[in-house]
Amino acid sequence: WSFLQSADSIRKQEFSDTLPQASVSDLGVILMGAGYEVFLKGPSLYAFKGLAGRFAPIGVHLAMLLIMAGGTLSATGSFRGSVTVPQGLNFVMGDVLGPTGFLSTPTEAFNTEVHVNKFYMDYYDSGEVSQFHTDLSLFDMNGKEVMRKTLSVNDPLRYGGITIYQTDWSFSALQILKDGEGPFNLAMAPLTINGDKKLFGTFLPVGDTDSSNVKGISMLARDLQSIVLYDKQGKFAGVRRPNSKLPIEIDGTKIVIVDAIGSSGLDLKTDPGVPAVYAGFGALMLTTCISYLSHAQIWAFQDGTTVIVGGKTNRAKAEFPDEMNRLLDQVPEIVESSISKKPDNIGG
């Protein structure tokens, strides 16, 4: 505890005052009632409150260092990768994930096989896509299912330190029946027309497929809920929904749209620095709030019957003098009592 042993050093503080006919012990009692920690050493007094506000800035800087350390670990020790997987197919996590730095170390979870059980989408009443869903199953090296979850945008899957995010979708294949035969899977290719990136198309040859000028039926789609068909001359022939089982005859060919098979766009990553970054930001918010607490210090020295008081604070400097004056006004004044002698009675 920092005791000041002279009146001059106390008078040099930001706030100072002199209390005639006062006791440093009475001042200590008043300060304790105001929430100060008070220490007495002979004629000297030291009091403080809000000690956390003094050390909180140190915590702020330590939290920032923790955030920087976590960010460095994320940059040098992570794995990232992206994959687009058609419904019904598999991939191995380790085949997709690539290291980002020299500290990147694969784990046992990298051998996990991921199977896309189903991909589907939700739609607004207007027909626009509102959400993507992918039903995934995870299998270990022995072929045992260790986890299953349907993930969507903003609802990722986490397993063994690896996070799988739903980020995109694509149109993989169109399953059809042709003249009652099949089903046949027609691969859907992405088309770019006037900057439209979500347009997919496929082609069903009709007639002589060995000819150099093959003609057939074209099928276009913007999503998985409706297919637009065109005849050999490129004229509009109709619209069919997958799973409707409603046939359509085009150029003598009877077609039934059985199913639309989507592909799930997934992002995979491992990030060992995330716990440190989250902890750092949590500590940063906490210590920043604590740093706004005022750390006030008060010194006093008993010089005969006079008490010299001084103090300072690191915050609320405008309010501190008012608080000090209010406390000092409560210190009782010591009144010296004198015994008056009465004159002797003279009898006569």
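The values are calculated or read from the model by the stated rules, or taken from the named source; none is laboratory data. The structure presented is a predicted model; accordingly, all values stated were derived computationally and were not measured. So basically every Cβ, Gly included, is an ideal-geometry build from the backbone, and we count neighbours across all protein chains shown. Note: areas computed on protein heavy atoms with side chains; ligands, DNA, RNA excluded. Shrake-Rupley method; radii C 1.70, N 1.55, O 1.52, S 1.80 Å.
Quick notes on this one:
- Residues that are within 19 Å of Ser2 (Cβ to Cβ) and of a type in the set (A, V, I, L, M, F, W, C) within segment 288-335 comprise Ala296, Ile298, Trp299, Ala300, Phe301, Val307, Ile308, Val309, Phe320, Met324, listed in sequence order.
- Counting only residues that are of a type outside the set (D, E, K, R), within 21 Å of Leu97 (Cβ to Cβ) and in a strand (DSSP E or B), segment 130-168 holds 16 of them.
- Some residue of segment 312-319 being charged (D, E, K, R), assigned to a loop (DSSP other than H, G, I, E, B), over 20 Å from Phe48 (Cβ atoms) and out of contact with any strand residue (DSSP E or B) (no Cβ under 7 Å at 6 or more places or on another chain): no
- Residue among Gly304, Gly282 that is over 30 Å from Val92 (Cβ atoms) and modelled with pLDDT of 95 or more: Gly282
- Subset of segment 56-82 that is assigned to a strand (DSSP E or B) and either of a type in the set (Val, Ile, Thr) or under 11 Å from Thr270 (Cα atoms) (or both) - its residue that is most open to solvent (accessible area, probe 1.4 Å): Arg80
- Options Val335, Val331: the member that is touching a Leu at 6+ places or on another chain (Cβ under 7 Å), touching a residue at least 24 places away in the same chain (Cβ under 8 Å) and either more than 30 Å from His133 (Cα to Cα) or not in a strand (DSSP E or B) (or both): Val331
Matching residues to (1) in contact with a Gly (Cβ under 7 Å, 6 or more places away or on another chain); (2) farther than 16 Å from Ile162 by Cα; (3) part of a loop (DSSP other than H, G, I, E, B):
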residue	(1), (2), (3)
Thr84	yes, yes, no
Asp95	no, no, no
Phe102	no, yes, yes
Ala109	yes, no, no
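- If the condition is being buried (at least 17 other Cβ atoms within 10 Å of the Cβ) and in a strand (DSSP E or B), then segment 221-231 contributes Ala221, Ile227, Leu229, Tyr230.
- Taken over segment 258-311, the criterion of being crowded, with 18+ Cβ neighbours inside 10 Å and aromatic (Phe, Trp, Tyr) is satisfied by Trp299, Phe301.
- Criterion applied to Leu89, Leu103, Leu138 was being more than 18 Å from Ser172 (Cβ to Cβ), touching a His at 6+ places or on another chain (Cβ under 9 Å) and hydrophobic (A, V, I, L, M, F, W, C), and the one residue passing it is Leu138.
- Within segment 182-220, if we keep just the residues that are of a type in the set (Gly, Ala, Ser) and over 42 Å from the mean Cα position of the chain (by Cα), the residue that is most open to solvent (accessible area, probe 1.4 Å) turns out to be Ser212.
- Considering the conditions (1) assigned to a strand (DSSP E or B); (2) closer than 30 Å to Ser218 by Cα; (3) out of contact with any Asp or Glu (no Cβ under 8 Å at 6 or more places or on another chain), Asp125 is excluded by exactly one of them, (1).
- Of the criteria (1) closer than 30 Å to Tyr278 by Cα; (2) touching an Asp or Glu at 6+ places or on another chain (Cβ under 9 Å), which one Leu31 fails: (1)
- Residue, surrounded by the fewest Cβ atoms within 10 Å (Cβ to Cβ), within segment 242-257, restricted to residues that are among the charged types (D, E, K, R) and touching a strand residue (DSSP E or B) at 6+ places or on another chain (Cβ under 7 Å): Lys245
- Among the residues of segment 104-143, those that are in contact (Cβ under 8 Å) with a residue 60 or more places away in the chain and open to solvent by 30 Å² or more (accessible area, probe 1.4 Å) comprise Thr107, Tyr120, Tyr123, Val129, Phe132.
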